[in-house]
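Rule-based calculations on the coordinates, nothing more; no lab input. Note that the coordinates shown come from a computational prediction; the quantities given were computed from them, not determined experimentally. Heads up, the Cβs are rebuilt from the backbone with ideal geometry, glycines too, and the neighbour counts pull from every protein chain shown.
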Amino acid sequence: MQPIGAHVADDDPIARTTAIGGDAVQFFLTDPQAWLAPPVRDDAAQLVAAGESTRIFIHAPYRINVATTNNRIRVPSRKLLSQHAAAAAAIGANGLIVHGGHVGDGDDAAKGFENWRKLFERESFPVPILIENTAGGENAMARSLEAIKQLWDAVGEFGAGLCLDTCHAHAAGLPLENVVDELMAITGRIDLVHANGSRDEFGSARDRHANFSESLLDPALVVAVVKGSGAPAIVETHPDGQADDIAVIRAGLA
Ligand SMILES: [Zn+2]
């Protein structure tokens, strides 16, 4: 059985997961908009124990951009990623999700892929680093299939993992009907699916997740992606609809 769950608030994440029928969970270790090292969690031992039956994923802060040519962002981004990876390992997490990032207008995208490569050359991480595809931006490292191909040429040999967000793929204009096959041909792996609906039309470049009950992206396509990937799935949707979203995926996989 593929573990299915939701992104939840970071206080008592296992109880929140149990309440919505999940056996996987994702949460932040700090305010995702902040540049903050994670605090030591007093529930660390409890989370490690819960990891026997619940797949635990940590989402890194949104500020992190290890691709950028701007040293004042890239250097602290690497540090923050490292700190969050150590803290994720301390609670027995199965992976740390980080966005692919981007280079600035006028920058050579090749520099961004090279910066990703340098990250893994400099450091090995105590948990798998799962790079997530993004919804928009002209200079993104993990939006188009062409970019993801270049990114994987840079980081694939280091064991980098892939997190496929269905809302982001839909926004980026990647048809969900064949996105699993297309990505597997490039990366050979999908480690996690962010199984989100979308408030927007295909190719919108907008990153607005939706519960399946309100999604313009057909939930059946999202379920097919989860099924095809064989990976755990996390819904990053409004808490009120998460139990239903999880139930839709489970029903589709049954
Ligand atoms: Zn996501």
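Determine the shape class of segment 102-254: with a ≥ b ≥ c the square roots of the Cα gyration tensor eigenvalues, call it rounded for a/c under 1.5, and otherwise prolate if a/b is greater than b/c, oblate otherwise. Prolate, since a/c reaches 1.5 and a/b exceeds b/c. A straight Cα-to-Cα reach below 17 Å connects K79 with the aspartates and glutamates D31, E121, E123, residues fewer than 8 places away in its own chain not being considered.
Let me check I've understood the local charge: for A243, count other residues with C-beta under 11 angstrom from its C-beta, Lys and Arg +1, Asp and Glu -1. What total comes out?
Net of charged neighbours comes to -1.
In the elastic network of the chain, a GNM with C-alpha springs shorter than 10 Å, the most mobile of T68, T30, T134 is T30. The lysines within cross-link reach of K149, meaning a Cα-to-Cα straight distance under 20 Å and a gap of 8 or more places when in the same chain, are K111, K118. Loop-located chymotrypsin sites (Phe, Trp or Tyr not before Pro) in segment 2-83 (DSSP state other than H, G, I, E, B) with a sparse environment of at most 12 neighbouring Cβ atoms within 10 Å are absent. A Gaussian network model of the chain, with springs between Cα atoms under 10 Å, assigns the largest mean-square fluctuation among D31, D153, D42 to D42.
What's the center-to-center distance, using Cα atoms, between segment 71-140 and segment 151-226 in Å? Result: 18 Å between the Cα centres.
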